[in-house]
Amino acid sequence: MNLLWLIGVPLVTALAVLLSRNRDQVRWIALTGAAAQLGVAIMLYFLYTKERSAGNTAAILFQQDHEIFSSLHIRFHLGVDGISVAMIMLTAFVGIAGALVSWNIEKMTKEFYFLLVLLSLGAYGFFISLNLFVLFFFLEISVIPKYLLIGIWGSGRKEYSANKLALMLMGGSALILVGILGLYFASGNSFDLVELSNMNLPAATQKLIFPLLFIGFGVFTALFPLHTWVPDGHSSAPTAGSMFLAGISMKLGGYGCLRVATWLLPAGAVAYSNIIIVLSVIAILYGAFATMMQKDLKYINAYSSVSHVGFSLLGIGMLTQTAITGSLMQMVSHGLMTALFFAVIGMIYDRTHTRMVGEMGGLMKMMPFISTVFFIVGLCSLGLPGLSGFVAEMTVFVGSWENDHMIYRIATILAAMSIVVTAVYILRAVGQTAMGPVKNESFLTLTDARWNEKLAAILLLLAILAIGLVPGWLNDLLRPSAEAIMQKVSAFK
Amino acid sequence: MNEFLTLMKSELLMTLLIFLLLFVKLGKGVKNETLLPLIQVLLLLNLIAGFFFNKTGNLFGDMYFTTPLMAFQKSLLNLAAYLISLLCSGWLKKTKHLPEFFMLMFSAMLGMFLLISSGNLLMFYLSLELATIPVAAMANFDLERKTSSEAAMKMILSSAFSSGILLFGISLLYGATGTIHFSQMAGLLDNSPLQILAFVFLFTAFAFKLSIVPFHLWTADVYEGSPIAATSFLSVISKGAIAFVFISTLYRVFGAMQDTWYIMLVILSIITMVIGNLFAIRQQNIKRFLAFSSIAQVGFILVGISEGGAAGLASVVYFVLIYIFSNLAAFGVASVISDHCGKENINDYKGLYKTNPFLSWMMALALFSLAGIPPTAGFFGKFFLLTAGGAKAEYWYITVAALNMIVSLYYYLRVVRAIFMDKNEQPIEKIGISPTVKMAFILCGTAIVCIGLFGKLYDYILSLI
């Protein structure tokens, strides 16, 4: 399959959005584009599994290579493995849901959808690039859309949050930039991921560059203590913005930690794995306890994201094949779940005009659909079997337990304990919002979800159930690619 | 004779333009409205002519020499001049002395062309003076405003001072090597203390012209006081030309002293980036703001220059090309607004997006490109400068430069925030943009978005070296 489709479709969509004449055209073009993109992503999955079942064992499929800056060894090198395919499908699902829930945006609709498409374009490009320069280019493309989406369409302290997010992510990018240049010079001028992964750089160099790349990508994926942009950014962003930020953008960081930092610098990953584990356990526990104190639904989900993303970082730090598979599953699962969570919060906020848990109650009476989805996603978040969260977290724990050293065991137990805390805040938030007496008379006239909102929720729910009930397909997709990464790492263990 | 015509093509065309304007001035009653489009067309033709018949050769016994790379650098300056004539046409049409303004501008450019091609110290000094003095007169062009005269005075004093230092350096250099020809001098340099002293004087003169910290103090005041057409000339054409000359002098003449100037460049570039960025944060006037931002950009250029080889040279030329489009687009927006209502304060830009979406997007695009955020071309420019500068594997140096990009993003976002997010009861009203200006903006915008994606350009520049 030609991977250029994946960036071609959003590019065409973006241009079409720019040329459209009125609000209706903009929405339909954006939705069509997102649907087409979902189609391309699903087709990619089937073609990928077909190649695999036909016995193609190459690590990376559908490669293509074009020259851009030949004198600087910058090539437009594309290709996918199982990890990228999973991430691309996640992006496509979140993308179409985001386009659907933003249906009623009134303020500058054209600009809004343009930026949204640009944001997803960056993610697709990022997941398929095999050249560090191109990868970095696509990572950075999303800075402008994120900043403007929060600053213009956001709520609350939006200017502050937008600034904080842009500057912190830029800080992460600066570290990544230095890391990339370090790799470039250490390897004798190569930006190519495949080439670099086959090169055995001296361990000292790897240990020097690894922290730069890992921390840099870690900022994107809320690595403790660099997570502070997450609560502010997510709570100030418009609904689709939060969905994209938490569902896609944070995954860019996790993917980068694994694909760039761990894959290219395995000796570094082994050397620093203890620190990663400690930081991610702190993030898991701190995120969970911080969520307990929150009263605003968006802050609840933002802080719980810090905690949940901690699981995927924990999986990376554990460096076993199962743990890394679990970490990737957690990325996909959390992406879908948190996007749905933000979508539901957006739907509730659109109607009640409040996000404070204390001011709501009994919403189940007026909006049964929204409340039910809210329940399901809450249960997914606390790891109920049958939903995606359970599968992912369980895999991480099993993988972590494979390490028999005491520190790893303690870390696993501490991380697992956070699930109890998760249950407390999720059940409290969902229960107080949906159940009980109606606290505000004016809420009685509220309506349930519209068609676009229902469609968005159902799409995401389907994906969550598909992972939760039949996790095998995702496991089969991710595990061989995780194994390829583990092969590099195990040489240094 | 034929060789004379082709080699000195750019200079001769410039001289021709100057004389044409002189004749126009002699004849009576040519209106600005008819003269300006004519000048724009001539500049465009001049720009196109710059791309043909480029050869390597010497003239006047090594006083003057040129290569295809130099011709390309001159074309870049021509391009910038053409863009300025388009973008500032609102102000230019209103000015009383249009032919004089362009005469001064072309004289300065003639000086820069000769400076780029100069083959010995005498030629170098003369053309540097020719490139500077007319600019001071341009700074004084808002005759009614006192700040304009103040700017011109500051400019002339500081350049006189730096010329003095340069002459000191030149005399010491002559004393140390016994020649004024660059080609002979290069082989005679051996890092003796006298030569290093002479080099430091020469370097200081360049630092004044490029406004490298701590020799930057004149910059902000001059930028603020001058009319925007002159400011954009100063910040783009002057800076670009001096940067080209600086890099070629360092590489060609002082190549033997690389160890000395590498350390100087590292220290000065860090100071320049940091001070330029920190001072830009607090600026309220858009011209002062862009002045400090351009100081920080020069710091970045120095990172590329420090490499000392083809990659450094190519990345600097490439960066200047991108910088021309980005900075001129920013100055163009400032010019259109200042021309319409005289407002030059960043706070006045609040709520601009509501009334002037086109200008707002142009400004945002230009600022993001200056900040080095993809997909704009500025990202590629900065990345290549850092790639060149990092070749010595001094990671801390690259880290400092990369961290400076965060600071710069902070203040560029301040303007973007004012334009797109801040509320304002009385935003600047809707401004009608003339087709020429709009065309220039679209040209800049397209270039900012597309240059980076068109990778052959960098390879082309590299092939010229």
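If you take just the helices (runs of 4 or more DSSP H) that sit entirely in segment B:1-65, which of them hold at least 3 residues that are under 25 Å from the mean Cα position of the chain (by Cα) and closer than 20 Å to B:SER85 by Cβ?
B:9-26, B:32-49
Restricting attention to segment A:179-195, which residues are within 13 Å of chain B (Cβ to nearest Cβ) and within 24 Å of the chain's Cα centre (by Cα)?
Passing the criteria: A:GLY179, A:ILE180.
Is there a residue in segment A:73-82 that is assigned to a helix (DSSP H, G or I) and in contact (Cβ under 8 Å) with a residue 60 or more places away in the chain?
Yes: segment A:73-82 contains one or more residues that are assigned to a helix (DSSP H, G or I) and in contact (Cβ under 8 Å) with a residue 60 or more places away in the chain.
Look at A:LEU455 and say whether it is buried (at least 19 other Cβ atoms within 10 Å of the Cβ) and under 25 Å from the mean Cα position of the chain (by Cα).
It is false that A:LEU455 is buried (at least 19 other Cβ atoms within 10 Å of the Cβ) and under 25 Å from the mean Cα position of the chain (by Cα).
Looking at A:LEU31, A:LEU15, A:LEU11, which is the one that is open to solvent by less than 40 Å² (accessible area, probe 1.4 Å) and in a helix (DSSP H, G or I)?
A:LEU31
Which condition number in (1) in contact (Cβ under 8 Å) with a residue 60 or more places away in the chain; (2) touching a helix residue (DSSP H, G or I) at 6+ places or on another chain (Cβ under 6 Å) is the one that A:ALA416 fails?
The number of the failed condition is (1).
Picking from A:MET435, A:MET394, which residue would you name as being more than 25 Å from the chain's Cα centre (by Cα), open to solvent by 70 Å² or more (accessible area, probe 1.4 Å) and not aromatic (Phe, Trp, Tyr)?
A:MET435
Examine segment A:196-213 for a residue that is more than 9 Å from chain B (Cβ to nearest Cβ), within 21 Å of B:PRO375 (Cα to Cα) and either more than 22 Å from the chain's Cα centre (by Cα) or buried (at least 24 other Cβ atoms within 10 Å of the Cβ) (or both), and state whether such a residue exists.
No, because not a single residue in segment A:196-213 is more than 9 Å from chain B (Cβ to nearest Cβ), within 21 Å of B:PRO375 (Cα to Cα) and either more than 22 Å from the chain's Cα centre (by Cα) or buried (at least 24 other Cβ atoms within 10 Å of the Cβ) (or both).
Just give me the residues in segment B:408-450 being facing another protein chain (nearest Cβ under 9 Å), in a helix (DSSP H, G or I) and touching a residue at least 60 places away in the same chain (Cβ under 8 Å), in sequence order.
B:TYR410, B:ARG414, B:PHE420
Which condition does B:ALA366 not pass, out of (1) within 11 Å of chain A (Cβ to nearest Cβ); (2) surrounded by 17 or more Cβ atoms within 10 Å (Cβ to Cβ), if it passes all the others?
Failed condition: (1).
Hey, A:TYR286 hits all of (1) open to solvent by less than 10 Å² (accessible area, probe 1.4 Å); (2) touching a Phe, Trp or Tyr at 6+ places or on another chain (Cβ under 9 Å); (3) closer than 24 Å to A:SER418 by Cα but one; which does it fall short on?
Result: A:TYR286 passes all but (1).
Find the residue count for segment B:334-363, including only residues that are of a type outside the set (D, E, K, R) and open to solvent by less than 40 Å² (accessible area, probe 1.4 Å).
16
Within segment A:136-143, identify whether any single residue is open to solvent by less than 10 Å² (accessible area, probe 1.4 Å) and more than 10 Å from chain B (Cβ to nearest Cβ), and answer yes or no.
No, segment A:136-143 contains no residue that is open to solvent by less than 10 Å² (accessible area, probe 1.4 Å) and more than 10 Å from chain B (Cβ to nearest Cβ).
Give the residue that is most open to solvent (accessible area, probe 1.4 Å), with candidates limited to residues of segment A:59-72 that are assigned to a strand (DSSP E or B) and more than 10 Å from chain B (Cβ to nearest Cβ).
The selected residue is A:GLN63.
Select, from B:GLY299, B:GLY312, the only residue that is within 14 Å of another protein chain (Cβ to nearest Cβ), in contact with a helix residue (DSSP H, G or I) (Cβ under 9 Å, 6 or more places away or on another chain) and under 17 Å from B:GLY240 (Cα atoms).
Result: B:GLY312 is the single residue among B:GLY299, B:GLY312 that is within 14 Å of another protein chain (Cβ to nearest Cβ), in contact with a helix residue (DSSP H, G or I) (Cβ under 9 Å, 6 or more places away or on another chain) and under 17 Å from B:GLY240 (Cα atoms).
Evaluate segment B:167-181: report whether one residue or more is more than 25 Å from the chain's Cα centre (by Cα), among the hydroxyl-bearing types (Ser, Thr, Tyr) and crowded, with 19+ Cβ neighbours inside 10 Å.
Yes.
Of everything in segment A:334-364 that's out of contact with any strand residue (DSSP E or B) (no Cβ under 7 Å at 6 or more places or on another chain) and in a loop (DSSP other than H, G, I, E, B), which residue is most open to solvent (accessible area, probe 1.4 Å)?
Going through the qualifying residues, I end up with A:HIS353.
Condition check ((1) open to solvent by less than 10 Å² (accessible area, probe 1.4 Å); (2) of a type in the set (A, V, I, L, M, F, W, C); (3) touching a strand residue (DSSP E or B) at 6+ places or on another chain (Cβ under 8 Å); (4) assigned to a loop (DSSP other than H, G, I, E, B)) across all residues:
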{"position": "B:LEU69", "(1), (2), (3), (4)": "no, yes, no, no"}
{"position": "B:ALA81", "(1), (2), (3), (4)": "yes, yes, no, no"}
{"position": "B:ILE84", "(1), (2), (3), (4)": "yes, yes, no, no"}
{"position": "B:GLY90", "(1), (2), (3), (4)": "no, no, no, no"}
{"position": "B:GLU100", "(1), (2), (3), (4)": "no, no, no, no"}
{"position": "B:LEU110", "(1), (2), (3), (4)": "no, yes, no, no"}
{"position": "B:LEU115", "(1), (2), (3), (4)": "yes, yes, no, no"}
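Test of understanding: among B:GLY187, B:GLY169, B:GLY164, which residue is part of a helix (DSSP H, G or I) and within 23 Å of B:SER269 (Cβ to Cβ)?
When all the criteria are applied, what remains is B:GLY169.
Just the residues that are surrounded by 18 or more Cβ atoms within 10 Å (Cβ to Cβ), in contact (Cβ under 8 Å) with a residue 40 or more places away in the chain and within 30 Å of B:SER463 (Cβ to Cβ), please, taken from segment B:18-53.
Residues satisfying the conditions are B:LEU43, B:GLY50.
Report, by residue number, each residue of segment A:467-480 that is without any contact (Cβ under 8 Å) to a residue 60 or more places away in the chain and open to solvent by less than 70 Å² (accessible area, probe 1.4 Å).
A:GLY472 - this is the single residue of segment A:467-480 that is without any contact (Cβ under 8 Å) to a residue 60 or more places away in the chain and open to solvent by less than 70 Å² (accessible area, probe 1.4 Å).
Restricting attention to segment A:289-317, which residues are open to solvent by 10 Å² or more (accessible area, probe 1.4 Å) and closer than 22 Å to A:ILE413 by Cα?
A:PHE289, A:ALA290, A:MET292, A:TYR303
The values are calculated or read from the model by the stated rules, or taken from the named source; none is laboratory data. Note that this is a predicted model, so its numbers are computed, not measured. Virtual Cβ from ideal backbone geometry, glycine too; neighbours counted across all protein chains shown. Accessible surface is based on the protein model in full, side chains and every heavy atom, while ligands, DNA and RNA are left aside. Shrake-Rupley method; radii C 1.70, N 1.55, O 1.52, S 1.80 Å.
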